[in-house]
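Q: There's a structure below that I have some questions on.
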Amino acid sequence: MDTKSEKTSLNFIQSIIEEDLRNNKNDSKVHTRFPPEPNGYLHIGHAKSICLNFGIAKKYNGLCNLRFDDTNPNKEDVEYVDSIKEDVKWLGFDWGDRMYYASDYFDKLYNYAIQLIKLGKAYVCDLSAEEISQYRGTPQKPGKESPYRNRSIEENLDLFQRMRAGEFKDGTKILRAKIDMSSPNMHMRDPAIYRIRRMSHHRTGDKWCIYPMYDFAHCVSDSIENITHSICTLEFEVHRPLYDWFLNELNIFHPQQIEFARLNLSYTVMSKRKLMELVEENYVSGWDDPRMPTISGLRRRGYTPESIRNFADTIGVAKRDGIIDVALLEHSLREDLNKKANRVMCVLNPLKVIIDNYPEGQTEELDAVNNPEDASKGTRKIKFSKVIYIERDDFREEAPRKFFRLKPGKEVRLRYAYFIKCVDVVKDPNTGEITELHCTYDPESKGGKSPDGRKVKGTIHWVSAEDSFNIEVRLYDRLFTVENPLAQDKDFKKYLNKDSIKILKNCLAESSLKDVKAGEKFQFERLGYFCVDKDSDNENIVFNRALPLRDSWAKIENKIKKL
RNA sequence: UGUCCGAUGGUGUAACUGGCAACACGUUUGAUUUUGGUUCAAAAGAGUCCAGGUUCGAGCCCUGGUCGGACAACCA
């Protein structure tokens, strides 16, 4: 039992870390960070990064900081920092007392910039944004040097201080690193370090009118926090030479940047910009719309932190980018909720059933199991009566042989109750729609077993007219109709699924559900997993369907249809 | 006509210093079942982008291609 340790294969980041540990690099310490920009809500892709960074810290007895990369007051807002904190916490991670902001380091950053100037490695440039862009060249063509590139250190120092003092208009001057305008790497062609931006910052207010750029702020912040492994996504790979350059020139602690492939999920989009577009143009109700791949959306939909963490574990980490099948995410939720969610009976599309031979006015209580996967959850009583409702889908006038549910003249089991047989079908004379069914029940079959050992293939769920109440149920489907909405062209919104939400107002739930609270999750027997939505009030309880149950009948039926 | 990165069943990830390509999801089949759920058992499905080379032996190493992605904000 001792040496049976499961063969853990390391991902490439863990391999790097273990190699570093073997070499006693960084005094054998591991310190990571999760560095979101507070300019939007976190999504499942961030969850991957959070699980990675906090997970690695935990695995190697290290620490992981939460750091807001808030160097652009133009886009950032406290609303977002609050939601980010909530989401990280909800996912189950703890940054302890190490919550930082890049803006905490504005003074230090400023001084490092001055140091760079003194080293002759940075200069103030008067070129306009357009000119800079022209001077930069293209990936194929080298750029040319700015006419301001060779200002003296004294002049640069003076100018930079005056930039800070607010002597120049926005956009008229910029501090640039002096590297190499002919570098094959565009990021090395004298990148911007500081820009003038008269805008109040959500934390530093109006203290600054110059703000540092990402490339400068990020590596220095990592260094200040003694981050050993600075893990980020692939698009920053080209930035790494610059990351290293700043740290080398400044000669300060040098974290190692490691890039991995960001998460893509099928049938959705995963960039803050595009999600923001869906929110702002009202394609969804907000960042936490249950159809959104945001953490808050998934939470509202009914996802659990465990299922998301487990998902992150399963998908692994690598440098190749691809698209993960949502089915994998869904599987991890089903796996989790199957163990945890109590079962209840609800009818989404009710069809009235009258049990002709059941005594008028009589009711009786039956025992129902709360969770067959967990005996400690016990049982509850449900009430049976003469009039009940079943799912419209569970009755077919003309049914294929493999249809095990209710059909004329045939018997079916009502879960936990009785066998019933359909004796009559009543229809609306005008529309032909079935309005009610008449059935008879076998009093001997109470609890769902018949003493004569008669077998009934189908078991269906139901609620009694006596003891049920009206609920609203929202059914969700994938947000997009195609696996990769970005594959063909940029116009991803034309692949939006018009049927991604279906609202059912006339659903019936067993009365045990009367006192539920937002966020509670249940399995509606035979239907799926459902979560109480925050839109619920005393008048109207709203359930979101997180996920339907796996449905092998649907597969059979599809096959029949094809024949 | 640049630099960097990547390429393993349908999808994602493995294969420790070269040694019978494995796991999960998905798919299919069967068993069990008072949820057409769960569970259990089994099967199909790649010979590792291509071409050479090194080697007794290559998914792993070397060379050259091909294909895909990233990079030209005073965004992060």
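Just so you know, all these numbers are worked out from the coordinates, no wet-lab data involved. What you are looking at is a predicted structure, and each value in this text was computed from that prediction instead of being measured. Cβ: placed from backbone, ideal geometry, glycine included. Neighbour counts: every protein chain shown.
Q: Given the Cα-Cα distance of A:D206 and A:D180 and 0.36 nm per residue of separation, how much length would full extension add, in nm?
A: On the way: separation 26, 0.36 × 26 = 9.36 nm, distance 3.39 nm.
Difference between extended and current length: 6.0 nm.
Q: Next question, about the same structure. Going down the table (A:K386/A:K514; A:K58/A:K274; A:K85/A:K517; A:K58/A:K490; A:K144/A:K319; A:K25/A:K178), which pairs top 29 Å between alpha carbons?
A: Checking Cα-Cα distances, A:K58/A:K274; A:K58/A:K490; A:K144/A:K319; A:K25/A:K178 exceed 29 Å.
Q: Still on this model: Could you quote the convex hull projected area for the range A:377-481, Cα atoms only and averaged over all directions, in nm²?
A: Over every viewing direction, the Cα hull of the range A:377-481 projects on average to 10.5 nm².
Q: In degrees, nearest 10, range 0 to 90: what is the angle between the Cα axis of helix A:153-165 and the longest Cα principal axis of chain A?
A: 40
Q: OK, next. Go through the range A:66-83 residue by residue and turn each phi into a ³J(HN,Hα) via Karplus (6.51, -1.76, 1.60, θ = phi - 60°); whole Hz please, and just put x for glycine and proline.
A: Each residue of the range A:66-83 in turn: 9, 9, 7, 8, 10, 9, 10, x, 4, 10, 9, 7, 5, 3, 6, 5, 4, 5 Hz.
Q: May I ask you to list the aspartates and glutamates whose Cα is less than 15 Å away from that of A:K559, ignoring any residue fewer than eight positions away on the same chain?
A: Hits, sequence-local ones excluded: A:D551.
Q: If packing is taken as the mean number of other Cβ atoms within 10 Å per residue, what is the order of A:9-15, A:341-347, highest first?
A: A:341-347, A:9-15
Q: Follow-up question, since we're still on this one. Under a 5 Å amide H to amide H cut-off, with H placed in plane at 1.01 Å, what residues pair with A:I210 once short-range neighbours are removed?
A: HN-HN under 5 Å from A:I210: A:R197.
Q: Starting from 0 in steps of 10 Å, tell me what percent of the Cα-Cα pairs of chain A lands in each bin.
A: Going from the shortest bin to the longest, the percentages are 3, 14, 21, 20, 15, 10, 8, 6, 3, 1, 0.
Q: With the Cα gyration tensor of the range A:1-155 giving a ≥ b ≥ c as the square roots of its eigenvalues, does the rule (a/c under 1.5 for rounded; else a/b larger than b/c for prolate; else oblate) give rounded, prolate or oblate?
A: prolate
Q: FRET efficiency for A:M276 and A:V238, Cβ-Cβ distance as r, R0 = 30 Å, nearest 0.05?
A: In this case the efficiency is close to 0.75.
Q: Do the alpha carbons of any pairs in A:K89/A:K118; A:K377/A:K402; A:K340/A:K446; A:K340/A:K383 sit beyond 32 Å of each other, and which pairs?
A: From the list (A:K89/A:K118; A:K377/A:K402; A:K340/A:K446; A:K340/A:K383), the Cα-Cα distance tops 32 Å for A:K89/A:K118; A:K377/A:K402.
Q: Explain nothing, just the number: dipole magnitude of the range A:1-70 about its Cα centre with +1 on each Lys and Arg Cβ and -1 on each Asp and Glu Cβ, in debye rounded to the nearest 20. Please list the in-between numbers first.
A: Numbers: 10 positive and 9 negative charges, 37 e Å.
About 180 debye.
Q: Give a residue-ordered list of calculated ³J(HN,Hα) values for the range A:107-120 (Karplus: 6.51 cos²θ - 1.76 cosθ + 1.60, θ = phi - 60°; whole Hz; x for Gly, Pro).
A: Per residue, the Karplus-derived 3J(HN,Hα) values read 5, 4, 4, 4, 5, 5, 5, 4, 4, 4, 5, 5, 6, x Hz.
Q: If you take the Cα atoms of the range A:103-177, find Rg, then find the Kirkwood Rh from the mean of 1/r over all pairs, what is Rg/Rh?
A: Working: Rg = 13.2 Å, Rh = 13.2 Å.
When Rh is taken as the Kirkwood radius, the ratio is 1.00.
Q: Considering only A:A368, A:P400, A:P350, whose Cα is most displaced toward the positive end of the charge dipole of the range A:339-404, charges sitting on Cβ of Lys, Arg (+1) and Asp, Glu (-1)?
A: Farthest towards the positive pole: A:A368.
Q: Need the full-extension length gain, A:E444 to A:D107, defined as separation in residues times 0.36 nm minus the C-alpha distance. One decimal, nm. Numbers along the way, then the final one.
A: Numbers: separation 337, 0.36 × 337 = 121.32 nm, distance 8.26 nm.
Taking A:E444 through A:D107 to full extension adds about 113.1 nm, to one decimal.
Q: On to the next question. What are the ³J(HN,Hα) couplings of the range A:23-29, residue after residue, when phi is run through the Karplus curve with 6.51, -1.76, 1.60 and θ = phi - 60°? Round to Hz, x for glycine and proline.
A: For the range A:23-29, the Karplus-derived couplings read 8, 6, 5, 6, 6, 6, 9 Hz, x marking Gly and Pro.
Q: How would you order A:89-98, A:308-317 from highest to lowest mean count of nearby Cβ atoms within 10 Å?
A: Ranking, from highest mean packing down: A:308-317, A:89-98.
Q: Sequence-distant or interchain residues sharing an amide H contact under 5 Å with A:F260, placed H: which?
A: Those qualifying (amide H under 5 Å, at least 5 residues apart or on another chain) are A:C232, A:T233, A:L234.
Q: Right, something else. Using packing as a proxy for protection, rank A:160-170, A:552-562 so that the peptide with the highest average count of other Cβ atoms within 10 Å comes first.
A: Working: A:160-170: 14.8, A:552-562: 10.5.
The packing order, highest mean first, is A:160-170, A:552-562.
Q: With the Cα gyration tensor of the range A:271-332 giving a ≥ b ≥ c as the square roots of its eigenvalues, does the rule (a/c under 1.5 for rounded; else a/b larger than b/c for prolate; else oblate) give rounded, prolate or oblate? Mind dumping the intermediate values first?
A: On the way: a/c = 2.67, a/b = 1.47, b/c = 1.82.
In terms of gyration-tensor shape, oblate.
Q: Skipping prolines and chain starts, which residues have an amide H placed within reach, meaning under 5 Å, of the one on A:K173, given they are 5 or more residues away or on another chain?
A: Result for A:K173 returns A:I196.
Q: Quick one: if the Förster radius is 25 Å, what FRET efficiency do A:K490 and A:V326 give, using the C-beta to C-beta distance and rounding to 0.05? Don't skip to the answer; put the middle values down first.
A: Numbers: r = 22 Å, r/R0 = 0.89.
My answer for the efficiency is 0.65.
Q: Can you tell me the dipole magnitude for chain A around its Cα centre, using point charges on the Cβ only (Lys, Arg +1; Asp, Glu -1), in Debye to the nearest 20?
A: 1200
Q: Then there is this: Which value at 222 nm does chain A reach when only helices count, each DSSP H run of 4 or more adding -39,500 (n - 2.57), with the total divided by all residues and rounded to the nearest 500 deg cm²/dmol?
A: -8000 deg cm²/dmol, from helical runs alone.
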